[in-house]
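Undergrad: Got a structure for you, written out below as structure tokens; questions coming shortly.
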Amino acid sequence: MSEIGTSIIQFIVEEQRAHPNSTGSLTGLMSDIVSSCKKIAHLVNRSGIIGLGGAAESENVQGEVQKKLDIITNDVMVDHLNWTGHLAGMASEEIEEIIQIPDEFPKGKYLITFDPLDGSSNIDVNISVGTIFSILRCPEGVDNPTVEDFMQKGTEQVCAGFCVYGPTTMLILTTGNGVNGFTLDRDVGEFILTHPKMTIPEDTAEFAINMSNQRFWEQPVQRYIEECVQGVEGSRDKDFNMRWNASMVAEVYRILTRGGIFMYPIDSKIAKQGGKLRLMYEANPMSFIVEQAGGLSSTGHQRIMEVQPTGVHQRVPVILGSKNEELNLKAVPPVSLLLVGLQGS
Ligand code: AHM
Ligand code: MG
């Protein structure tokens, strides 16, 4: 079922019916995620009025100052997901340890990782923020999952998605069968299919990178961006445009609709921590979506979804977006480093 106007619940129930042996648990879990996103959309939208703007007096496990809404949206996710019996455990950007399902509730067969409010530095300036999630299977026979049970490659994801709280609230979803986009109809409180079978345009002349890090980049990245900036006067023979929202959900949504390349590469400032973005709840779900929409996603050395995780909060470099732009990159020897590992993906 992929008719424009279908509600997200009807859509996921129809997807479940395509799998006759399905127990309905994934459908139930996705329905819980949809409820959390609606609640978060409401809170983000009203944050200024109800006093939820600004910083909290705490730091998260990454040592980053938390916004009040980082903490509140994390609680919304946990409170919506921990009692319905679909999950065996959760991991969140905002919580250091694995979040266990309380003993009074039944355990399910899935694990979830999430960033409850990505791009939260943008809340106070009224720029789009979002929620990113990734669903994995809990290993057979495991009731109280540990970090090791979450250490599954991105290729093992069952479902991934993100919600972007922008001029409209949109939820983008993949279960490995393409990518579909739903818009929240606030009047009826339902996400409606508005963007069926999203595909990333293969060609682009738009790149997104935080240029203030330029002096810290590795040589191949320096070279690639320099060629983009040279435009028609350089070897690329076309003019490029640049965007940087500092909100990955907004950048990936833009790339899904009109193409582009998004880069948060490794640089000498962040080399010790392995990158800026987190593998398990940012890079992997976004890579699953981008690949399902016909794009590519790499660390610069390896396909992101083939990186073996070593920690729930592990960081990786991220380069993702339009296929032909990445193939163009591959053709240029000095930047080929960026795309090693994408062949055959
Ligand atoms: P966050 O999860 O703490 O919000 O950090 C992730 C965000 C991404 O959405 C965005 O691409 C990046 O951080 C922006 O980083 P910078 O401020 O260095 O440009
Ligand atoms: Mg984030």
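Undergrad: Percent of accessible area on the chain owned by carbon and sulfur, 1.4 Å probe?
TA: 48 percent
Undergrad: Sort all Cα-Cα distances of segment 168-322 into consecutive 10 angstrom bins from zero, then give the percent of pairs in each bin up to the one containing the longest distance.
TA: Percent of Cα pairs in each bin: 11, 37, 34, 15, 3, 0.
Undergrad: Once the dipole of the chain is set up with Lys and Arg at +1 and Asp and Glu at -1 on Cβ about the Cα centre, which of 101, 189, 301 lies farthest towards its positive end?
TA: Toward the positive end, the furthest listed residue is 301.
Undergrad: Quick one: go through segment 105-144 and flag any residue whose amide nitrogen is under 16 Å from the point 7 Å out along the Cα-to-Cβ line of residue 35.
TA: 105-108
Undergrad: If the reach is capped at under 25 angstrom between alpha carbons, list the lysines near residue 276, excluding any in the same chain fewer than eight residues apart.
TA: Within the straight-line limit of under 25 Å, residue 276 reaches these lysines: 67, 68, 153, 323, 330.
Undergrad: Oh, and also: So for the pair residue 219, residue 79, with labels modelled 7 Å out along Cα→Cβ, what separation do we get in nm?
TA: 5.4 nm
Undergrad: Treating only the Cβ of Lys, Arg, Asp and Glu as charged (+1, +1, -1, -1), what charge dipole size does the chain show about its Cα centre? Round to the nearest 20 debye.
TA: Values: 27 positive and 43 negative charges, 111 e Å.
For this selection, approximately 540 debye.
Undergrad: Restricting everything to alpha-carbon atoms, can you work out Rg to Rh for segment 1-122 with a Kirkwood hydrodynamic radius? Write down the numbers at each step before the final one.
TA: Details: Rg = 16.3 Å, Rh = 15.9 Å.
Taking Rh as the inverse mean 1/r over Cα pairs, Rg/Rh reads 1.02.
Undergrad: Right, something else. Please work out how much length the chain gains when fully extended from residue 306 to residue 195, using 0.36 nm per residue of separation minus the C-alpha to C-alpha distance, in nm with one decimal. Present the calculation step by step, with values, prior to reporting the outcome.
TA: Values: separation 111, 0.36 × 111 = 39.96 nm, distance 2.82 nm.
Length difference between fully extended and current span is 37.1 nm.
Undergrad: Between residue 46 and residue 203, how high is the FRET efficiency from 1/(1 + (r/R0)^6) when r is the Cβ-Cβ distance and R₀ = 41 Å? Nearest 0.05.
TA: Details: r = 40 Å, r/R0 = 0.98.
Computed FRET efficiency for residue 46 and residue 203 comes out at 0.55.
Undergrad: Roughly how many whole Å is it from the C-alpha centroid of segment 224-289 to that of segment 112-183?
TA: When both Cα centres are located, 19 Å separates them.
Undergrad: Something else about it: Would you mind finding the longest exposed-site-free stretch of the chain, with exposed GluC sites (Glu not before Pro) meaning DSSP loop and at most 10 other Cβ atoms within 10 Å? Could you put the intermediate results ahead of the total?
TA: On the way: sites that count: 3, 104, 140.
Within the chain, the longest run free of exposed GluC sites (Glu not before Pro) spans 141-345.
Undergrad: Further, regarding this structure: How far, in nm, would the chain grow between residue 230 and residue 103 when pulled straight, counting 0.36 nm per residue and subtracting the alpha carbon separation?
TA: On the way: separation 127, 0.36 × 127 = 45.72 nm, distance 5.98 nm.
Length gained between residue 230 and residue 103: 39.7 nm.
Undergrad: At a Förster distance of 41 Å, what's the computed FRET efficiency of residue 17 paired with residue 146, Cβ-Cβ distance as r, to 0.05? The partial results should precede the final answer.
TA: Working: r = 34 Å, r/R0 = 0.84.
The calculated FRET efficiency here is 0.75.
Undergrad: Cα convex hull of the chain: how many Å³ per residue?
TA: 137 Å³
The values are calculated or read from the model by the stated rules, or taken from the named source; none is laboratory data. This structure is a prediction, so every number in the text was calculated from the model and none was measured. Note: ideal-geometry Cβ built from the backbone for every residue, glycine included; neighbour counts use all protein chains shown. Protein only, heavy atoms only, side chains kept; ligands, DNA and RNA dropped before computing areas. Shrake-Rupley method; radii C 1.70, N 1.55, O 1.52, S 1.80 Å.
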